[in-house]
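Quick notes on the structure that follows.
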Amino acid sequence: MSLVSPMLGACCRVTLAVGKRLTGSPGPPLGMTACWRWAQSSAPYSGGPADGDMKRYLNDHYKETKRSINELIPSISNNLLNPDAIFANNEMSLADIEIYGFDYDYTLAFYSKDLHTLIFNTARDLLINEHRYPAELRNYEYDPNFAIRGLHYDVHKALLMKIDAFHYIQLGTVYRGLSVVPESEVIEMYEGHHVPLEQMSDFYGKSSEGNTLKQFMDIFSLPEMTLLSCVNEHFLKNNIDYEPVHLYKDVKDVIRDVHVKGLMYRAIEADIERYICYGEKTRAVLAKLANHGKKMFLITNSPSSFVDKGMNFIVGKDWRDLFDVVIVQADKPNFFNDKRRPFRKVTDRGVLLWDKIHQLEKGKTYKQGNLFEFLKLTGWRGSKVLYFGDHIYSDLADLTLKHGWRTGAIIPELKSEIQIMNRAEYIQTMAWLQGLTGLLERMQVYRDAESQMILDEWIKERREMRDMARKIFNNRFGSIFRTDHNPTYFLRRLSRFADIYMESLSCLLNYDLYHTFYPKRTPLQHEVPVASDQPYPGIFGIPFLQEIAQLK
């Protein structure tokens, strides 16, 4: 299974071009290991200048590296990624898929930015009115650019941070309230910057059973992270003594109440055009599947009336005709594991019936239930089923690990990140960052004082370039897919639990239903690059914009 994201692939396309130019040796196009291949392909310098002038010698190599990279940037810019592509972690053919399943929120229905502001404001007011928090908290407003998905929160230390796939904290991305925590303080608190396994969140990203960290994987969690940080900020600024564990629990409870008490649902239903983005392409995707005879089902945690009104707006009043089974208030991920809860039929008016369910009828709506009963009643098992959802844990993990379904992750942030990666600023920054890293790796053999002084300057410049590359995506936390040099913990879980991933379901419109998705080969550190790994024009098809242009 590949650990490659579009962002990692972009880094490696940069490196391939740079390495081929500087070493004459081509390398593989994708994967973190490929990013260093060209630097390793040249043996470290063992000689040095004949006249002993190390400063001139090193500066000449620095200038030559920069000149070579600047010459290559136009050709690097030709391989731009298509934001509407589908990316594969595991090989999968749509020809094998007979049944398509969907979550509702952020899968079939997409929401405007106003919704996160609504959640933040409503939860903040609940803290003040029902939990007696300071009224001054109303001075804090929701900042949509503050947090990113996939961050971890240390419940006991009240710290929000970004962690990579190897449990290392990315220094410079640890926040107490709204202020960054100095690297030295982080290292002192954690005795380094590695988080032991027993302190990490549980399987579903929760802080429980001794785990001190909570991972925020849900798109709805962005207002929660921001509210936590704002309340922490207020308490710290005003020297208010508080217990971080109580704060975390209170914020979690009010965010839950916004959903469970129906506050969010009622607000959306009252002004549906403001909060739901009209899904013309969603209907097109569903119609395409229906026209090809595919069976479809919906399993969501949202309530019946809310889903019905949303689908009426997005798809049309006949939306139920497209689905063979509709299940609401499923309580995922418990739906996938708890065998005890039977299905209940829901009438058009939302009334729950007590009838025993012997079959799941098309055009009807069911509540609760469990996957084991679902499989018994439908017979929809194994790799012929593809289920789409936005929550890596609640939607996808159990399906791929326990039930053998194929899974597709909806990652709305993907499109904006790819668009950033296609910008000249990002390409130029990454090209020089990779070139400078390779130069450092090869020149580090010179241990004399003069050389080390120059190398220290390069290391400082590299650190500044890495900070610049991070801030291109998000000023505080960077990309959701990578830390400075490793995949993020978020990407690690995405790669494990999702066969394919994309920005939205509309990406399916770019492929026929016999298309096979192939993950890009990720060479291991000890593997020799092979010709089939080369990014020849057109070989990867739709992920690249130049291929789309040629097809048109």
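The values are calculated or read from the model by the stated rules, or taken from the named source; none is laboratory data. Everything numeric in this text was worked out from a predicted model, so none of it was measured. Virtual Cβ from ideal backbone geometry, glycine too; neighbours counted across all protein chains shown. These area figures cover heavy atoms from the full protein model, side chains too; ligands, DNA and RNA do not enter into them. Shrake-Rupley method; radii C 1.70, N 1.55, O 1.52, S 1.80 Å.
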| request: Give the residues of segment 449-482 that are assigned to a loop (DSSP other than H, G, I, E, B), open to solvent by 10 Å² or more (accessible area, probe 1.4 Å) and not basic (K, R), sorted by residue number. | output: I472, F473, N474, N475
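Quick grid of which residues meet (1) closer than 21 Å to S112 by Cα; (2) in contact (Cβ under 8 Å) with a residue 24 or more places away in the chain:
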site	(1), (2)
M217	yes, yes
S221	yes, yes
T226	yes, yes
N232	no, yes
N239	no, no
Y248	no, yes
H259	yes, yes
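Just the residues that are under 27 Å from the mean Cα position of the chain (by Cα) and within 12 Å of F102 (Cβ to Cβ), please, taken from segment 303-325. Full working, then the answer.
Here is the first cut: in segment 303-325, the ones under 27 Å from the mean Cα position of the chain (by Cα) are 303, 306-307, 310-311, 314-315.
Result: V307, M311, I314, V315.
Can you find even one residue in segment 202-216 that is at positive phi, open to solvent by 60 Å² or more (accessible area, probe 1.4 Å) and assigned to a loop (DSSP other than H, G, I, E, B)? Before the answer, list the steps.
Here is the first cut: in segment 202-216, the ones at positive phi are 205, 209-210.
Adding the requirement that they be open to solvent by 60 Å² or more (accessible area, probe 1.4 Å) leaves 209-210.
Among the residues that remain, those that are also assigned to a loop (DSSP other than H, G, I, E, B) are: 209-210.
Checked segment 202-216: at least one residue is at positive phi, open to solvent by 60 Å² or more (accessible area, probe 1.4 Å) and assigned to a loop (DSSP other than H, G, I, E, B).
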| note | Across segment 391-411, the tally of residues that are at pLDDT 95 or above, in contact with a Ser or Thr (Cβ under 8 Å, 6 or more places away or on another chain) and not in a strand (DSSP E or B) stands at 1
| request: Answer yes if at least one residue in segment 421-433 is modelled with pLDDT of 95 or more, in contact with a strand residue (DSSP E or B) (Cβ under 9 Å, 6 or more places away or on another chain) and outside any helix (DSSP H, G or I), and no otherwise. | output: no
| query | How many of the residues in segment 176-201 are of a type in the set (S, T, Y) and part of a loop (DSSP other than H, G, I, E, B)? | reply | 1
| said: Of all residues being open to solvent by less than 30 Å² (accessible area, probe 1.4 Å) and part of a strand (DSSP E or B) in segment 254-299, which is nearest to E98 (Cα to Cα)? Just the residue, please. | reply: M296
| request: List the number of the failed condition for A135; all other conditions in (1) in contact (Cβ under 8 Å) with a residue 24 or more places away in the chain; (2) small (G, A, S); (3) touching a helix residue (DSSP H, G or I) at 6+ places or on another chain (Cβ under 6 Å) hold. | output: (1)
| Within the bounds of segment 144-162, is there any residue that is in contact with a Ser or Thr (Cβ under 7 Å, 6 or more places away or on another chain) and β-branched (V, I, T)? | yes
| Only one of I187, I163 is at pLDDT 95 or above, within 23 Å of the chain's Cα centre (by Cα) and more than 15 Å from C230 (Cα to Cα); which? | I163
| remark: Checked segment 388-436 for anything without any contact (Cβ under 8 Å) to a residue 60 or more places away in the chain and among the β-branched types (V, I, T); matches are I420, T429
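How many of the residues in segment 150-175 are in a strand (DSSP E or B) and buried (at least 20 other Cβ atoms within 10 Å of the Cβ)?
Residues of segment 150-175 in a strand (DSSP E or B): 152-154, 159-161, 163-164, 168-169, 175.
Narrowing the set further to residues that are buried (at least 20 other Cβ atoms within 10 Å of the Cβ) leaves 152-154, 159-161, 163-164, 169, 175.
Here the count works out to 10.
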| query | If you scan segment 220-240, which residues turn out to be modelled with pLDDT of 95 or more and either open to solvent by 30 Å² or more (accessible area, probe 1.4 Å) or assigned to a loop (DSSP other than H, G, I, E, B) (or both)? | reply | L236, K237, N238, N239, I240
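Identify all residues within segment 165-180 that are in contact with a helix residue (DSSP H, G or I) (Cβ under 6 Å, 6 or more places away or on another chain) and on the phi < 0 side of the Ramachandran plot; write none if there are none. Explain how you work it out, then say what you get.
First, pick out the residues of segment 165-180 that are in contact with a helix residue (DSSP H, G or I) (Cβ under 6 Å, 6 or more places away or on another chain): 165, 171, 174, 177-178.
Once the filter is applied, which keeps residues that are in contact with a helix residue (DSSP H, G or I) (Cβ under 6 Å, 6 or more places away or on another chain) and on the phi < 0 side of the Ramachandran plot, segment 165-180 yields A165, L171, V174, L178.
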| request: Identify, by number, the condition in (1) within 24 Å of I427 (Cα to Cα); (2) surrounded by fewer than 16 Cβ atoms within 10 Å (Cβ to Cβ) that I73 doesn't meet. | output: (2)
| task | Report yes if Y100 is open to solvent by less than 50 Å² (accessible area, probe 1.4 Å), modelled with pLDDT of 85 or more and not in a helix (DSSP H, G or I), otherwise no. | result | yes
| note | How many residues of segment 331-358 are exposed (fewer than 12 other Cβ atoms within 10 Å of the Cβ) and in contact with a helix residue (DSSP H, G or I) (Cβ under 6 Å, 6 or more places away or on another chain)? The answer is 1
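Yes or no, residue by residue, for (1) more than 25 Å from K471 (Cβ to Cβ); (2) in contact (Cβ under 8 Å) with a residue 60 or more places away in the chain; (3) of a type in the set (G, A, S):
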| site | (1), (2), (3) |
| --- | --- |
| F146 | no, yes, no |
| K157 | no, yes, no |
| M161 | no, no, no |
| G172 | no, yes, yes |
| R176 | no, yes, no |
| V181 | no, no, no |
| M200 | yes, no, no |
| Y204 | yes, yes, no |
| Can you find a residue in segment 60-68 that is more than 30 Å from D271 (Cα to Cα), among the β-branched types (V, I, T), surrounded by 17 or more Cβ atoms within 10 Å (Cβ to Cβ) and modelled with pLDDT of 95 or more? | no
